[in-house]
Amino acid sequence: MRSDNLHALPDDLPVPQDDGACDHLPGMHLPTIALSATSGESVDLSRAGTPWVVVYCYPRTGKPDQEPLGGTQAWNALPGARGCTPQSCAYRDHHAQLHALGASVYGLSTQDTEYQREAVERLHLPFRLLSDARLAFAGALRLPTFAVAGQVLIKRLTLIARAGRIEKVFYPVYPADSDAERVSAWLAARKR
């Protein structure tokens, strides 16, 4: 049984360092890959129709009744791993603002769609989560990953694209629950 709070971030989390693993991304085009969405459809991010597309990549959301991969202590010790639920909730809380700025928001992880669907319902997310379970999207963009308990997960990062081209990358994202506010501020500055 899980004993920690999925909605709160501990004060003593290790801070992830910028290892340069996303330096190649600005200017790249989003790959033409159909990703399974929690809405039941497939989404090709390269063809999204809004002016801005925000894709926050996260390792994996937890469930209240389950320990994270490797256990809570080990998960918390991984720089940048902890915070998927607070990050998703922050995007939920900033969704109207981001939409008003012309952005579509998507969360992306390697979890399967069924697992993600539970998170969408439990957290009341007004946007779709996308499954990159086969790491096709991550591989095409050479996104940074890490392995835990035999599973390959995407490191926490956020892509902002316009017309299918990546304009901005936030990496590393820390703390996770400040990401949506940072993205909103960046988009608002572009609107002026």
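Every residue in region 43-86 that is within 11 Å of the chain's Cα centre (by Cα), of a type in the set (Phe, Trp, Tyr) and farther than 17 Å from Val152 by Cβ, please.
Correct list: Tyr56 only.
Which residue pairs have Cβ atoms under 7 Å apart, sit 6 or more places apart or on different chains, and have a first residue in region 45-62 that is over 20 Å from Leu187 (Cβ atoms) and a second that is part of a helix (DSSP H, G or I)?
Every condition considered, the pairs that remain are Pro59/Cys84; Arg60/Cys84; Thr61/Cys84; Thr61/Thr85; Thr61/Ser88; Thr61/Ala119; Gly62/Cys84; Gly62/Thr85.
For residues that are out of contact with any Gly (no Cβ under 9 Å at 6 or more places or on another chain) and within 15 Å of Tyr115 (Cα to Cα), scanning just region 43-89, find the one that is surrounded by the fewest Cβ atoms within 10 Å (Cβ to Cβ).
Asp65
Any residue in region 9-31 that is surrounded by 14 or more Cβ atoms within 10 Å (Cβ to Cβ) and charged (D, E, K, R)?
No; the residues of region 9-31 include none that is surrounded by 14 or more Cβ atoms within 10 Å (Cβ to Cβ) and charged (D, E, K, R).
Name the single residue that is farthest from the chain's Cα centre (by Cα) among those in region 142-172 being assigned to a loop (DSSP other than H, G, I, E, B), aliphatic (A, V, I, L, M) and closer than 24 Å to Asp44 by Cα.
Filtering first and then ranking leaves Ala163.
Sort through Leu129, Leu141 and tell me the only one that's in contact with a helix residue (DSSP H, G or I) (Cβ under 8 Å, 6 or more places away or on another chain), of a type in the set (A, V, I, L, M) and in contact (Cβ under 8 Å) with a residue 24 or more places away in the chain.
After applying the criteria, what remains is Leu129.
Quick check on region 41-76: of everything there that is of a type in the set (Val, Ile, Thr) and in contact with a strand residue (DSSP E or B) (Cβ under 9 Å, 6 or more places away or on another chain), which residue is farthest from Met28 (Cα to Cα)?
Out of the qualifying residues, it is Thr61.
Can you give me the number of residues within region 126-141 that are more than 20 Å from Thr32 (Cβ to Cβ) and over 13 Å from the mean Cα position of the chain (by Cα)?
1
Residues checked against (1) out of contact with any helix residue (DSSP H, G or I) (no Cβ under 9 Å at 6 or more places or on another chain); (2) in a strand (DSSP E or B):
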site	(1), (2)
Gly27	yes, no
Gly40	no, no
Gly49	yes, no
Val55	no, yes
Thr61	no, no
Gln66	yes, no
Arg82	no, no
Gln87	no, no
Tyr106	no, yes
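The numbers here are math on the coordinates, done by the rules we state, and not lab data. Everything numeric in this text was worked out from a predicted model, so none of it was measured. FYI the Cβ positions are ideal-geometry reconstructions off the backbone, even for glycines, and counts take in every protein chain you see.
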